[in-house]
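Chemist: Before we start, here is the structure in question, set down as structure tokens.
The values are calculated or read from the model by the stated rules, or taken from the named source; none is laboratory data. Every value quoted in this text rests on a predicted model; they were computed, and no experiment measured them. Cβ sites come from the backbone with ideal geometry, for glycine too, and all protein chains shown count toward neighbours.
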Amino acid sequence: MKQNEKSQKFTIYYDAKKSELSKHKIDAYALGSSILEMSKMIYEADRVINSTEKTIDLLVTAPVKKGSVAIEFVANFLNNGGMDVLKYIGLTAASSSIVGGSAIAVSQIIRDKKVLSIDSYSDSDEVEIKLNNETIKCDKTVAELVTNPKIRKAMSEVIAQPLINKEEPVFRIEVNNVETLRLTNENIVNIRPLNKDSFNSQESVKTLTTNVKLTQINFKSKNGWKMVYENEEKNVTIQDESFFERISHNALAFKEGDIFKVELTIEEKNTANSKRTKYIIKKVLRHRASKERKLV
């Protein structure tokens, strides 16, 4: 591990009355699958949460724990984003601070019910997951994880599969010898893959007034522009006709990196396997520049 990396150990336990698990034995296939699916779940969650670069590495050690089967993992954080991966999945003590619960907690509520839609609000970090006869409020990052089919399948394989048909099954997690999660009986059974018929397509449109920095310009087209929004560079389309005409005639007054107050529309289309976001500047309200260079 490099000097600037941090790490977190966590241990998962499988136990069940009158089974090989209580004798520190587990089916070889179940053990291998559990380790593989844990890595799939964490790496897919890392991609969802920190899409720009990998932030976490996962290693396995094999401590001997009496009376159950334990698998000890070591997560090396390549930067601070890696910490969020474990937190939002529900693998650390910090998971208890998430409003509405972690991905493991919310998955127990959703079970195998069909997800109809996810409704978000521009001024809130919470979203509403709509099922047939129920609405669940949770953190928007958690919602992304629990509606991701790869993560839900891996979660089921890690938690539920090794304990199928076991008497009084127990799945638990310890971090630094402190129990952070315990699931038994129905709670384990409720961890299931995402319903394959969940939202085939879900679209949302929100419009807000905000400041953006235009970093790539295109005087010949309304497409091909880029902006910095929420500290990330994104492609954006200009649909303000009057602004487009004004800059076309006053090219020298415009500089890449100028900040504008705009009416920004964000269109999102989500499916179970992909997410597409489109940014459109509907109207430019103000050019934050010196008086002689102001376009608006």
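Chemist: Determine whether region 130-138 contains at least one residue that is surrounded by fewer than 17 Cβ atoms within 10 Å (Cβ to Cβ), in contact (Cβ under 8 Å) with a residue 24 or more places away in the chain, in the same structural domain as S39 (by TED's automatic domain parsing) and touching an Asp or Glu at 6+ places or on another chain (Cβ under 7 Å).
Modeler: yes
Chemist: Further question on the same structure: When you look at K278, is it within 30 Å of V146 (Cα to Cα) and either at pLDDT 75 or above or not in a strand (DSSP E or B) (or both), yes or no?
Modeler: When the stated conditions are applied, K278 passes them.
Chemist: Also, quick follow-up: So is S107 buried (at least 19 other Cβ atoms within 10 Å of the Cβ), free of Cβ contacts under 8 Å to residues at least 60 places away in the same chain and either polar (S, T, N, Q) or not assigned by TED's automatic domain parsing to the domain that holds K54 (or both) or not?
Modeler: Considered against the rule, which asks whether it is buried (at least 19 other Cβ atoms within 10 Å of the Cβ), free of Cβ contacts under 8 Å to residues at least 60 places away in the same chain and either polar (S, T, N, Q) or not assigned by TED's automatic domain parsing to the domain that holds K54 (or both), S107 comes out as no.
Chemist: Moving on to the next point. Condition check: assigned by TED's automatic domain parsing to the domain that holds H249 and not in a loop (DSSP other than H, G, I, E, B). Does K226 satisfy that?
Modeler: yes
Chemist: Search region 241-260 for residues being in a loop (DSSP other than H, G, I, E, B) and under 15 Å from R288 (Cβ atoms), and hand back the single one that is modelled with the highest pLDDT.
Modeler: D258
Chemist: Name the single residue, out of those in region 144-200 being acidic (D, E) and surrounded by fewer than 18 Cβ atoms within 10 Å (Cβ to Cβ), that is modelled with the lowest pLDDT.
Modeler: The qualifying residue modelled with the lowest pLDDT is D197.
Chemist: Among the residues of region 205-220, is there at least one that is outside any loop (DSSP other than H, G, I, E, B) and basic (K, R)?
Modeler: Taking every residue of region 205-220 in turn, at least one turns out to be outside any loop (DSSP other than H, G, I, E, B) and basic (K, R).
Chemist: Looking only at region 162-178, decide whether some residue is outside the structural domain of I71 (by TED's automatic domain parsing), out of contact with any Asp or Glu (no Cβ under 8 Å at 6 or more places or on another chain) and over 30 Å from S124 (Cα atoms).
Modeler: Scanning region 162-178, I find no residue that is outside the structural domain of I71 (by TED's automatic domain parsing), out of contact with any Asp or Glu (no Cβ under 8 Å at 6 or more places or on another chain) and over 30 Å from S124 (Cα atoms), so the answer is no.
Chemist: Looking only at residues that are in contact with a helix residue (DSSP H, G or I) (Cβ under 7 Å, 6 or more places away or on another chain) and of a type in the set (S, T, N, Q) in region 143-167, which one is nearest to S107 (Cα to Cα)?
Modeler: N148
Chemist: While we're looking at this one, here's another question. Tell me, yes or no, whether region 24-39 has at least one residue that is free of Cβ contacts under 8 Å to residues at least 40 places away in the same chain, assigned to a loop (DSSP other than H, G, I, E, B), in contact with a helix residue (DSSP H, G or I) (Cβ under 8 Å, 6 or more places away or on another chain) and surrounded by fewer than 20 Cβ atoms within 10 Å (Cβ to Cβ).
Modeler: There is no residue in region 24-39 that is free of Cβ contacts under 8 Å to residues at least 40 places away in the same chain, assigned to a loop (DSSP other than H, G, I, E, B), in contact with a helix residue (DSSP H, G or I) (Cβ under 8 Å, 6 or more places away or on another chain) and surrounded by fewer than 20 Cβ atoms within 10 Å (Cβ to Cβ).
Chemist: Say we look at region 201-230 and pick out the residues that are under 25 Å from the mean Cα position of the chain (by Cα) and of a type in the set (V, I, T); which of these is surrounded by the fewest Cβ atoms within 10 Å (Cβ to Cβ)?
Modeler: V205
Chemist: Another one. Being more than 23 Å from V189 (Cα to Cα), touching a strand residue (DSSP E or B) at 6+ places or on another chain (Cβ under 9 Å) and not in a loop (DSSP other than H, G, I, E, B) is the filter here; which residues of region 95-128 pass it?
Modeler: Matches in region 95-128: S117, I118, D119, S120, E126, V127, E128.
Chemist: Could you run through region 25-44 and say how many residues are modelled with pLDDT of 90 or more, among the aliphatic types (A, V, I, L, M) and in contact with a strand residue (DSSP E or B) (Cβ under 9 Å, 6 or more places away or on another chain)?
Modeler: Summing the residues that are modelled with pLDDT of 90 or more, among the aliphatic types (A, V, I, L, M) and in contact with a strand residue (DSSP E or B) (Cβ under 9 Å, 6 or more places away or on another chain) in region 25-44 gives 3.
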